[in-house]
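Colleague: For reference, the structure I am asking about is given below.
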Amino acid sequence: MELLRVTPYPLEISYTVTAASTSHYLVISTNDRYEEIVDAAVTSNASSVITYTLPDDFYKYDDHYAVEIYEKIGSSRGDILVEDVLEIVRPYVDPNDLATTATEISEYSTNEKIARQIIDSYVQGGFYFKREWIQAVGQGTDYFSIWKRGYRVLKVFENATKVWDVDDEDGPALDNYDYSITKDKTAIVKDPTSGVDEWNRAERKPARMAIAASDSFNFFDTADSANIQTFSGGVSFAEGVDYMFYLETGYKVVPNDIKDATNMLIDDIKCGRLDHFKRYVDLYRTDQFSIKYDKTMKNGTGNILVDKILNKYVNLVTRPGVL
């Protein structure tokens, strides 16, 4: 089931089961790591339909969930009656704003879904607002690069210890550091909760140089040493330290030019202007039908103006690597 994340909130889901006026268990789990987030006792109505109002978190983010409805046998789960994937997504344009009658809204909903999938195939990741886990190892710098469009840091685990949690009553800073995302949304940084006057962050790992023994300087500061200068300053994300970040990523709102591009594609779909046999044929022969398609059929959306709009969002490098 695809459920559009549009007002009015909260969102509701409905499923048909085999028996009317019967108790069941509804279980909703995250689709990536199978963590049960809803376990509710529900009752079907006289038409054998179960309706459930989703918690508030479900209308804030785009995500996929696993839905299971069980028979209720006493206080235990019986057989599975319904098994489905619940996809909650924000449309790039609201079909309710494009039409008034139920038939027209349904038609525009179908066309918007097709247009959105065309755009998603062109721009990796699309224009959704999600919560995602990033797990990686520190590289010995003051910046932790992320290859997603980060929005806000929700949770941080350092070597399996939780050090930041926006939902913790004692937090969010649980280890004297605040975590945030840089203004260009390309990296995570952390700052002491006590604050600092100046900080020149290290964007690369400090060079390791052999240091000779000295009577004037110690390798480490001690209470009785006169060493007031360190050989190599500390960094925020030490090399080899394991980090797990739970982030809000993507777009809080859909950009206006993407709405314009979606409307153009919807109009093309509605008017039949995206048919391949009309737009991409380079060569056509009548003797046993020898047809040659232009190679641009695989590279664009079918509308050159939409392609121009989307080009600035295309990221050809989505993960660092070595050529």
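What follows draws every value from the coordinates through simple rules; no lab data is involved. All figures in this text were calculated on a predicted structure; none of them were measured in a lab. Because the Cβ atoms are built from the backbone with ideal geometry, glycine has one as well, and the counts that use them run over all protein chains shown.
Colleague: Output needed for region 2-90: three equivalent-ellipsoid semi-axes, defined as square roots of 5 times the C-alpha gyration tensor eigenvalues, in descending order, whole Å. Could you put the intermediate results ahead of the total?
Modeller: Working: eigenvalues 101, 46, 21 Å².
Listed largest to smallest, the semi-axes of region 2-90 are 22, 15, 10 Å.
Colleague: Enumerate the calculated ³J(HN,Hα) couplings along region 87-97 in order (Karplus 6.51 cos²θ - 1.76 cosθ + 1.60, θ = phi - 60°), each rounded to whole Hz, writing x wherever the residue is Gly or Pro.
Modeller: Per residue, the Karplus-derived 3J(HN,Hα) values read 10, 9, 9, 8, x, 6, 9, 7, x, 5, 8 Hz.
Colleague: So which trypsin sites (Lys or Arg not before Pro) in region 87-130 pass both tests, a DSSP loop state and at most 13 other Cβ atoms within 10 Å of the Cβ? It would help to have the intermediate numbers written out before the result.
Modeller: Details: sites: Lys113, Arg116, Lys130; in loops: none.
Passing sites in region 87-130 do not exist.
Colleague: My understanding is that a pair violates if its Cα-Cα distance is over 25 Å; which of Lys60/Lys308; Lys155/Lys312; Lys252/Lys312; Lys60/Lys183; Lys190/Lys259 do that in this structure?
Modeller: The answer is Lys60/Lys308; Lys155/Lys312; Lys190/Lys259.
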